[in-house]
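Here, each number is a calculation from the coordinates, and none is a lab measurement. Because the structure is a prediction, the values reported are computed rather than measured. Positions of Cβ are generated from backbone atoms using ideal geometry, with glycine treated the same way; all protein chains shown enter the neighbour counts.
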């Protein structure tokens, strides 16, 4: 547990006790200028990794949903051709 992200670990513990977690403890420790959608995705990913590491399947599902929702807010990445990489 010493090498685990402290905010993600806090989220894991909150989830175990309450059935949910939020970004509050992470937001309290993150400078406002650094809070962007990429970091929100990273936070949920860290929680997802901990849920997998400590075998908390409901948290894995919850965190995966957080990753999907946060990733949906990211700007589309353009390939060199100018087309979205999602367009095949």
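Once the Cα-Cα distance is subtracted from the 0.36 nm per residue extended length, the residue 49 to residue 4 segment shows a gain of 15.2 nm. The relative contact order of region 6-72 comes to 34 percent, based on Cα pairs under 8 Å that sit 6 or more residues apart.
Take the Cα of residue 74, step 7 Å toward its Cβ, do the same at residue 37, and the gap between the two points is 1.0 nm.
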